[in-house]
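Peer 1: This structure is in structure tokens; I'll ask about it shortly.
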Amino acid sequence: MLYKVSPFGYFSRVSKVSRGPWFQEYMVEDDGLEWFYVYPINGENVHLLSNNVPIEDRERLDYLYKGFNRNRGLAWAAGLWLSFETVSRVGYFKKLAWGWKTLSFLGVGFFYNQIFQYANGLTYGPLISAFFRKYSNAAKTDRFAITDRKREYFDIDTSSYMNYSYKDLGHDNHVNHGPQPDGEAMDSSWLSELDKFLRGEDNKLKEHKNFVNYQYEYIDKSFPTAEKAQELMQAPLKLEKKSYF
């Protein structure tokens, strides 16, 4: 198949980094661990990682947040519907041009939405704020200041990782032009000596620190010559008589 010409995968193109078939992505269930709740305190945004909240309160907070978002969507739907009814029935709006009607529709819809959102905030606001105050000790202004084992695995501190200069890579530094894994930089001299050995050139392979001098006994396993084969086939057969009683 021609790359990027003919389709491949599950009925269409798939991701370069495969996450499985596209029709199974909707079956994934969120575990609720890696969510950041961002809210202001004294004019400064703080972050609360849901993984630092006990599982009982984590689920309750998740349900509250989803319920608040669901009601916010319902508030927009109800506000736009009432705005449509208002613009289409009130005589003042019926006389306007279509452009002004559209702007009036959006403005009146936003006005109705704010009324519904006010009632929504009176219901959910105190409950969510109570959870945030309860776990304020786990909330941080700097996300990297959050101590969580699962998060530390992904947010790697690169301040000292591969902290070496261009000149620290040895006599083979001409092959390194950027941050690379330490093993590749350290193995470059070994690979150079190994390449010389395979080409039959003078090398210092056995003097290299990576060379392992295995103690072994050499056994010739080459294909036998015709004389060896004839000698083997015509060798006298030795029989031994053994008694098993």
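Read-outs throughout are calculated quantities, based only on the coordinates presented, and are distinct from any laboratory measurement. Computed from a predicted structure; not experimentally measured. Virtual Cβ from ideal backbone geometry, glycine too; neighbours counted across all protein chains shown.
Peer 1: Using 0.36 nm times the number of residues separating Lys94 and Lys206, minus their current alpha carbon distance, what extension gain do you get?
Peer 2: That pair, Lys94 and Lys206, stretches by 31.0 nm at full extension.
Peer 1: So, one more: Tabulate in residue order the Karplus-calculated ³J(HN,Hα) for the stretch 62-69, using 6.51 cos²θ - 1.76 cosθ + 1.60 with θ = phi - 60°, rounded to whole Hz; enter x for Gly and Pro.
Peer 2: Listing the rounded values in order: 5, 5, 5, 5, 5, x, 5, 5 Hz.
Peer 1: Follow-up question, since we're still on this one. Sort Arg143, Arg199 so that the residue with the fewest other Cβ atoms within 10 Å of its own Cβ comes first and the one with the most comes last.
Peer 2: Arg199, Arg143
Peer 1: Along the stretch 202-208, what does the Karplus equation 6.51 cos²θ - 1.76 cosθ + 1.60 (θ = phi - 60°) give for ³J(HN,Hα), rounded to whole Hz, x for Gly and Pro?
Peer 2: In residue order, the calculated couplings are 5, 8, 10, 4, 6, 8, 6 Hz.
Peer 1: Something else: What is the distance, in nm, between label points placed 7 Å from the Cα along the Cα-to-Cβ direction at Lys101 and at Ala145?
Peer 2: Here the modelled spin labels are 5.5 nm apart.
Peer 1: How would you rank 230-236, 123-129, highest first, on the average number of other Cβ atoms within 10 Å across their residues?
Peer 2: Taking the mean over residues of other Cβ atoms within 10 Å, the ranking is 123-129, 230-236.
Peer 1: Can I ask one more? Across the stretch 125-135, in residue order, what do the Karplus-derived ³J(HN,Hα) couplings come to in whole Hz, using 6.51 cos²θ - 1.76 cosθ + 1.60 with θ = phi - 60° and x for Gly and Pro?
Peer 2: x, x, 5, 5, 5, 5, 5, 5, 5, 5, 10
Peer 1: Also, quick follow-up: Taking 28 Å as the cut-off for C-alpha to C-alpha distance, list the pairs among Lys196/Lys221; Lys66/Lys140; Lys66/Lys134 that go past it.
Peer 2: none
Peer 1: Using Cβ contacts closer than 10 Å as the measure, can you line up Tyr37, Tyr92 from fewest to most?
Peer 2: Starting with the residue having the fewest Cβ neighbours, the order is Tyr92, Tyr37.
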